[in-house]
Every structure is written in structure tokens, then in C-alpha cells.
Amino acid sequence: MKMKNPIILYSLLLGLTLFSCGEDYLEKTDPTKLVADNFYETETQVAQALNGVYSQLQGIVSSQWQYNEFTTDNTTLHFNIGDRGQGPSLEALEFWQINPSTSNINNLYNSIYEAMVNINTTLAKLENATFDEAAIQQFEGQLKFLRAYYYFHLVQYFGEVIIITEPLETPSEAWSYARQPVDEVYALIESDLNTAVSSLPASYEASETGRVTKGAALSLLGKVYLTKKEYDNAINTLTQVLPLGYALLPSYADVFDPQNKNHQESIFDVQFQGGNELGEHSDFIYTFAPRESEGAVIDFPGQNGGGWNVPTLDIIAAYEEGDLRKAVSIQEGYTNLAGEWVPVPFINKYHHPHTIRGRTDDNWPVIRYADVLLMLSEAINEQSGPTPDAYDYLNQVRQRAGLAPLSGLDQEAFRSAVLKERRLELAFENHRWFDLKRTMTPEALAAFMNAYGAKERSNPTTTRGGIPFSPADYVFEPYEVLFPIPADQIVINEELTQNPGY
């Protein structure tokens with residue numbers, strides 16, 4: 001059997017290499033150490049370790065919808081009156097009742113720092129590597145991009161966070177780190193991304209498809225500058241992406257088709273592989289499809305979905321007449337096996353035929369060229385107002401969607417137009433929460449979220465079976481723009497402080 005992607009192959013090999021035990025392993029392994037001293041010695045071993053890091057990204061991105069879409073006006077849940085078990089975790093995110101003991105916030109925090117352990121360990125081992133210098137630089141660039149990606153998410157979610165850039169010899173060392181100022185976190189992010197920009201190629205040969213490129217590093221760095229409102233830096237950085245060979249695909253549907261992976265619009269996708277039993281598949285539609293669809297949505301007998309991350313009536317209403325993206329991204333309901341229409345919306349963007357139940361082949365788009373064009377449009381408008389270039393970048397995206405180009409807007413109206421375009425173009429790709437945080441003050445965001453919440457309470461997207469909302473549902477306070485530091489972390493590390501309000 002031929003493997004489609006070397007990242008997937010090597011992540012499997014890594015597991016075999018690190019967990020296969022030789023007869024003398026007891027003499028060479030200290031069980032209290034987090035560092036594997038007798039690995040990372042050759043280019044092949046480092047490649048295996050790096051691809052193990054990519055593999056960890058699969059699990060993190062697969063649950064990211066909870067924190068970047070579900071917490072916003074984009075999605076809600078298919079309410080399950082018979083099973084309230086997710087109330088303290090997933091429903092807490094949807095209804096803005098998060099607290100330091102919310103288990104999914106703890107899972108988010110732990111999963112990112114666990115991935116960082118392997119990144120820092122591999123980077124440390126590279127310092128003494130003796131194989132090809134060009135390979136070392138590319139390994140370093142990819143690892144530092146991924147570390148920057150994680151820290152960018154951490155600082156957006158939690159504000160001040162622990163900075164760890166070296167491997168830990170023992171777990172107890174992690175219990176003495178304090179949170180660092182946001183500016184220092186961003187300084188690390190920028191440093192890592194600048195290293196990635198200088199050391200990564202614009203593209204790879206086909207056998208290396210899926211790896212981080214210079215274009216991905218520039219795109220993320222541009223987003224960092226945009227988030228910090230350093231618009232000149234954002235424009236200069238994002239403009240460098242334009243000549244690297246990316247382009248919008250003519251068809252929006254083709255962007256997400258698993259038969260068309262890693263195409264010209266893809267700047268960085270998390271790689272998955274379905275159609276086999278190797279454990280590298282995705283299963284997004286199984287989470288997003290309606291709960292009681294019984295094979296009417298996912299084409300396997302009796303198959304239900306999770307009923308999570310359901311498109312809201314609010315986002316459905318946001319599409320303009322004739323927007324070609326709507327049918328690709330959303331279905332407003334489905335016809336059940338009895339031939340009846342069921343008005344439960346679901347995300348259609350990751351709904352594609354697959355041969356094995358539960359094992360889909362969809363990649364997850366992290367950075368697309370459309371995102372870069374819209375970021376450029378936003379940054380130019382913030383710096384200079386709606387210039388011809390700002391309109392051009394925005395209208396390229398709109399016209400691909402079958403919509404008329406915009407013109408004649410003032411700066412504020414153009415700002416709103418870009419935010420709306422990002423919402424619809426990048427719907428359900430885990431951008432919405434950070435976009436809202438970037439473009440609104442905490443007080444304005446609270447007012448925005450509460451207005452949305454009032455609409456959802458008065459006209460829920462899915463039926464609640466007669467169960468009323470609680471008084472605290474959809475009540476958002478300005479301090480909630482940051483998540484709480486998990487209670488478990490504060491218990492084991494007396495150096496940690498809690499975010500205000502929790």
C-alpha cells in the first residue's frame with residue numbers, strides 16, 4: 001500500500017520507535033525524565049520526532065471548534081433533552097458559563113503544553129545535531145512555527161501564560177513557572193516566526209507536501225501583527241505572501257474537497273488520511289451532523305452525529321442572496337429516512353463521501369490564501385482607509401463567492417464589511433473568536449455577544465423540548481474575553497495567578 005503523506009507515515013513510525021523496548025532498556029531509561037537521550041541522533045530520527053509533533057496537531061485542531069466557533073455567534077448545539085452530561089463541559093462553553101473547573105478548558109491548556117514538550121525537546125536536540133545543516137534549519141523552522149502557533153493561541157485564550165522554551169528533566173520543574181506578560185509572549189512568537197520565515201522554503205517537492213512553508217510563517221506573522229494593531233508591519237509581511245504562487249480556486253467547494261487536497265489556495269492544512277485503519281483519519285462530520293439523523297446525513301446505516309457546532313440562525317441569515325458559499329458551508333436541515341424535512345442545520349463543509357465508517361479524509365484548513373487577502377484588506381483599511389488595494393483584496397474573495405464587488409464605503413463601513421466577509425468566507429474554520437476579540441474592545445464584545453445571546457434565547461436554532469434556558473445562559477461579561485487558568489494548574493503550581501473575574 002502506498003502512503004499518501006510522509007507526515008502521517010512518520011508519525012506512525014515515531015510511535016513504534018519511541019515505544020518499542022529493547023532488552024537493555026531498563027539500564028538506559030530514567031522514568032522520571034521527559035527527555036529521550038538516545039533518540040534524535042540522526043536526520044531520520046529527528047524527522048520522525050517532527051512528524052510526531054505534526055500528529056499532535058491533529059488532536060488539537062479537531063477540538064478547536066469548541067473554543068473558536070462554539071463560543072461565538074457562529075454555532076450552537078443540537079439540544080439533547082435526554083442527556084445533560086455535557087452541561088459542565090461543552091455546554092458551559094456555548095452558554096458562557098465557563099469557570100476554572102470547566103474540564104474542556106483544562107483539556108485545552110494541557111494539550112497545548114503537552115505538544116510544547118515535544119517541540120522543545122526536539123529543538124534542544126537539534127542544537128547538537130551533526131547532520132546536514134540545511135535539514136537542521138528546516139527542522140528548526142517547522143518546529144518554531146508550530147511553537148509560535150501554539151503560543152499565539154495560548155495568549156489569545158488566556159492572556160499572560162507560562163513561557164517554556166527548554167526541555168524539562170522532571171515533571172516537577174513545570175510547577176515553578178510563573179505567567180509572563182503578554183508582550184513577552186508575543187516577542188517569543190515573533191522571534192520564532194522570523195526564524196521560520198528565514199529558514200523555510202516557499203514549497204516542497206511532492207513527497208513532502210503538508211509541511212510548514214515560508215508562506216505559512218509569513219501569514220501567521222502577519223496575523224500576529226494585525227492582532228497587535230501594528231498595521232504597517234502586517235501589510236509589509238502579508239504582502240510578501242502574494243508572489244509565492246498562491247491563488248483563490250475558482251470554485252469554493254473545491255477548497256474543501258478531499259480529492260483536491262493541498263491545492264493552490266492552501267497555505268497550511270493539518271493533514272489527515274481516511275480510507276484505512278491507520279488511525280490518521282478525521283471525523284469532523286461525525287461531531288457536527290445532527291444527533292438523530294440515523295444515516296440520513298452520514299451515509300452509513302443508523303449513523304447519528306454528535307449534534308455539536310450547529311450553525312446558528314444568525315449566521316444563516318448573514319449570507320447574501322446568491323452567495324455560493326452558503327450551500328457549501330451549511331445545510332439548513334435534512335430529509336430523514338421517512339421522507340420528512342428536519343430543520344436542524346449542520347456544517348456541510350466537511351461532509352464528503354468516505355468508504356469506512358468514522359474515517360473521513362478531510363484535512364483541516366488552518367491558513368488559506370483567502371484569509372491572507374482579507375487580513376491585508378483589513379490592515380490597509382485600518383491604516384489608510386478603504387484604498388483601491390483594500391477593495392481589490394476584499395472583492396477578489398466576494399467575486400469568487402458570486403457576489404457583486406463593494407465600493408463607496410467609509411472606513412467604519414468597510415471595517416464591518418471585512419469582518420462579515422471573514423465570518424462567511426472562513427466559517428467553521430476556527431477564526432471567529434479571535435476575529436471578534438481583535439476587532440472589539442472587551443466591553444464592545446460583551447455587548448455584541450449579549451445581543452446575539454438575546455436573539456438565540458428568544459428564537460433558539462434548535463428546539464429545546466420545552467426546557468427553558470437558565471438565567472445565566474448567554475450572559476457575557478467583559479472579563480470573559482479571556483478563559484480562566486484551570487483550577488488544577490493553580491493547585492499544583494503556587495506561582496500561577498488567576499485571570500480577573502473568575
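No value in this document is a laboratory result; all are computed from the given coordinates. Just so we're clear, the structure is a prediction, and the values are computed from it rather than from any experiment. For neighbour counting, all protein chains shown are included, and Cβ atoms are generated from backbone atoms with ideal geometry for every residue, glycine included.
Tabulated results
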quantity	calculated
Translational diffusion coefficient (Stokes-Einstein; Kirkwood radius from C-alpha pairs) of region 366-445 at 20 °C, 1.002 mPa s, in µm²/s	168
Normalised contact order of region 124-260, rounded percent, pairs of Cα under 8 Å and 6 or more residues apart	22
Residue order, fewest to most surrounding Cβ atoms within 10 angstrom, among ARG398, ARG84	ARG84, ARG398
Contact order relative to length of the chain, as percent, for alpha carbon pairs under 8 angstrom and 6 or more apart	19
Length-normalised contact order of region 58-178 in % [C-alpha pairs under 8 Å, at least 6 apart]	21
Rounded tilt (10° steps) of 103-126 against the dominant C-alpha axis of the chain	40
Helix axis angle, 442-458 relative to the chain longest principal axis, alpha carbon, degrees	50
Extended-chain gain in nm, criterion 0.36 nm per residue less alpha-carbon gap, GLU173 and HIS352	59.9 nm
Virtual spin-label span in nm between LEU278 and GLU184, 7 Å along Cα→Cβ	4.2
Per-pair calculated FRET efficiency, R0 = 51 Å: ASN99 and GLU166 via Cβ, rounded to 0.05	0.95
Flagged links, alpha-carbon separation over 30 Å, of LYS420/LYS455; LYS261/LYS455; LYS214/LYS420; LYS228/LYS261; LYS125/LYS437	LYS261/LYS455; LYS228/LYS261; LYS125/LYS437
Point-to-point label distance, ASN110-ALA124, nm (Cα→Cβ direction, 7 Å offset)	2.2
Kirkwood Rh and Cα Rg combined as Rg over Rh, evaluated for the chain	0.95
Degrees, to the nearest 10: 388-400 long Cα axis against longest axis of the chain	80
